[in-house]
1. Could you tell me whether residue 444 is in contact (Cβ under 8 Å) with a residue 24 or more places away in the chain and surrounded by 19 or more Cβ atoms within 10 Å (Cβ to Cβ)?
2. Looking at (1) modelled with pLDDT under 95; (2) assigned to a loop (DSSP other than H, G, I, E, B), find the lone condition where residue 361 falls short.
3. Residue 367: under 18 Å from residue 429 (Cα atoms), modelled with pLDDT of 90 or more, open to solvent by 40 Å² or more (accessible area, probe 1.4 Å) and among the aliphatic types (A, V, I, L, M), yes or no?
4. I'd like the full set of residues that are over 15 Å from residue 225 (Cα atoms), open to solvent by less than 70 Å² (accessible area, probe 1.4 Å) and of a type in the set (Ser, Thr, Tyr), limited to the range 142-186.
5. Does residue 294 qualify as being modelled with pLDDT under 90 and either β-branched (Val, Ile, Thr) or touching a Ser or Thr at 6+ places or on another chain (Cβ under 7 Å) (or both)?
6. So which residues in the range 256-291 are assigned to a strand (DSSP E or B), of a type in the set (A, V, I, L, M) and at pLDDT below 80, if there are any at all?
7. Please count how many residues of the range 253-271 are open to solvent by less than 20 Å² (accessible area, probe 1.4 Å) and polar (S, T, N, Q).
8. In the range 102-118, is there at least one residue being touching a Gly at 6+ places or on another chain (Cβ under 9 Å) and either at pLDDT 90 or above or of a type in the set (Ser, Thr, Tyr) (or both)?
Amino acid sequence: MRRTRKLSRFETTTAVDRISEFPDSILVHILSLLRIEYAVRTQVLSKRWRFLWTFLPSLLFCYSAFDDDRGEGEDFRVARNTDFVNFVGKTLFASNCKLKKFEVDICYHPRFASNVDSWTRFAAGKGVEELDLQLCPDATDTEYEHELPQLLYDNSWFKELRFSHCSVIPKGNVAWYSLKKLSIGDVELSNDVIERILAGSPVLETLELHTCEGFSRLAVTNSCVKKLILRNCLDFLSDDKRLEISAPYLLSLEMSGYLGSNCRFTNISSLVDAVFNCEFRCKVEDRANGYERIQNIVVVFLASLLHVKNLTLGTWAIQVLSFMEAKGLSCPLLNCKCLTLDTDINKYVLPGIANVFKSTPNVEALIMTWSVSSSELYGIRSTMLLNYNEEQYWTSQKWTYKCLTLHLKNVTISNCLTKYNYDSNFFSFIQFLLRNARVLQKMVINTPSDARMKEYYFKVAKKLLSFPRSSPDATVIFW
């Protein structure tokens with residue numbers, strides 16, 4: 001305040017509105033960084049701002065983030081949902097430019113069917129390149145699914161398309177000639193519909209199916225499709241249900257979520273990257289046979305990945321391999337060069353890790369990503385096969401692991417979030433690696449930046465650096 005008064009004696013200062021000096025294109029870009037309801041509110045600032053928001057190239061509407069402070073309860077929820085639908089309609093009506101992206105995430109009810117149809121007509125008319133329709137059903141009506149409008153099946157503008165909780169019934173051929181990414185969720189799909197979609201998407205590169213049922217065959221013969229993601233698409237507890245996949249040009253495959261049925265790969269000869277991070281299901285009344293069935297699923301799947309260079313295995317798959325190790329059964333021989341284990345280090349996975357090491361003699365890079373999930377395979381705690389002292393497991397190992405003695409050069413351990421991760425099992429495993437990895441060059445242990453844990457991390461780092469190393473070139477970095 002003193003400086004302001006001092007300046008006023010010598011000169012008159014005027015406020016400068018630097019934002020108003022920006023061209024409209026910059027202001028529209030700034031608005032695009034805001035949530036859509038906040039961007040619309042800027043129309044009250046001045047005459048210049050009144051229509052700026054109508055030139056946003058992307059319109060993203062999310063019901064869960066929609067502001068409304070009128071209260072709680074069923075009446076409030078219905079009113080809030082209606083207000084959200086009306087807001088979407090008014091915003092689309094005022095839009096003045098060609099849209100690149102249009103996204104709607106709504107708590108869907110059948111009374112909004114005509115609204116959703118008008119939104120899709122709007123998207124098609126505006127030449128939208130990225131369309132995202134998430135129609136999660138209202139809690140009061142979970143059975144009704146909105147039928148995807150027929151006009152969407154014939155659109156050459158789409159480059160990315162995502163939709164969920166829709167009824168997919170194309171009455172003619174599908175024509176998505178520019179589509180590169182397709183994601184479908186919570187949808188009943190027949191073999192015929194999937195064939196039409198793949199046939200009508202000649203430049204498709206990435207296909208993602210999550211929580212989809214009804215199909216038993218997935219033949220991806222298009223040479224452009226390089227990545228396939230399946231989440232919760234194999235959640236069947238019937239032994240007579242199978243999924244057969246043929247994708248001779250596929251480079252990347254990700255399988256996650258619940259797995260309850262057999263999956264057979266007839267041709268994935270070009271595959272380079274594979275992620276197998278599923279949770280297995282078996283019938284409570286038939287767990288004994290269920291374990292054998294799950295073991296067979298894992299073995300058959302891994303046997304299809306003999307040529308894969310980069311392999312990721314989740315906690316439950318490693319637990320199955322622990323059962324196999326305890327019974328003297330080996331994992332299929334794998335030729336991967338980079339192995340990622342998404343798991344915590346505990347007694348239920350130690351034999352599985354040893355089994356994987358035996359079956360991956362050419363691994364040069366090991367990555368531990370420390371799975372957030374702590375769930376275990378049904379009944380694993382009660383089994384007698386894994387009744388051993390985990391703290392002495394690695395020191396008791398007499399097996400010579402070829403990957404450790406000849407090839408392993410880099411180890412990365414991430415997501416060690418709390419001090420509970422740094423237990424005796426962790427230190428024993430690190431000590432085992434340093435003692436046996438004879439050509440190891442670098443071991444990096446990543447930790448979160450937490451000032452409260454600084455002193456503890458220092459103690460952990462000091463202990464790790466004290467472990468003997470068989471490789472003269474090994475460097476341990478606690479990051």
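1. Numbers: in contact (Cβ under 8 Å) with a residue 24 or more places away in the chain: yes; surrounded by 19 or more Cβ atoms within 10 Å (Cβ to Cβ): no.
So residue 444 does not fit the description; no.
2. (1)
3. Values: under 18 Å from residue 429 (Cα atoms): yes; modelled with pLDDT of 90 or more: yes; open to solvent by 40 Å² or more (accessible area, probe 1.4 Å): yes; among the aliphatic types (A, V, I, L, M): yes.
Yes, satisfied.
4. 153, 156, 164, 167 - these are the residues of the range 142-186 that are over 15 Å from residue 225 (Cα atoms), open to solvent by less than 70 Å² (accessible area, probe 1.4 Å) and of a type in the set (Ser, Thr, Tyr).
5. On the way: modelled with pLDDT under 90: yes; either β-branched (Val, Ile, Thr) or touching a Ser or Thr at 6+ places or on another chain (Cβ under 7 Å) (or both): yes.
Judged against the criteria, residue 294 is a match.
6. We begin by selecting, within the range 256-291, every residue assigned to a strand (DSSP E or B); these are 256-259, 262-267, 273-280.
Subset that is of a type in the set (A, V, I, L, M): 259, 274-275.
Passing the criteria: only 259.
7. Here the count works out to 1.
8. Within the range 102-118, the first condition is being touching a Gly at 6+ places or on another chain (Cβ under 9 Å), and the residues that meet it are 115, 118.
Filter once more, keeping what is either at pLDDT 90 or above or of a type in the set (Ser, Thr, Tyr) (or both): 115, 118.
Yes, the range 102-118 has at least one match.
The values are calculated or read from the model by the stated rules, or taken from the named source; none is laboratory data. Predicted model, so just to flag it, every value in this text is computed and none were measured. Every residue, glycine as well, gets a Cβ built from its backbone with ideal geometry; the counts of neighbours run over all protein chains shown. Accessible surface areas use protein heavy atoms only, side chains included; no ligands, DNA or RNA. Shrake-Rupley method; radii C 1.70, N 1.55, O 1.52, S 1.80 Å.
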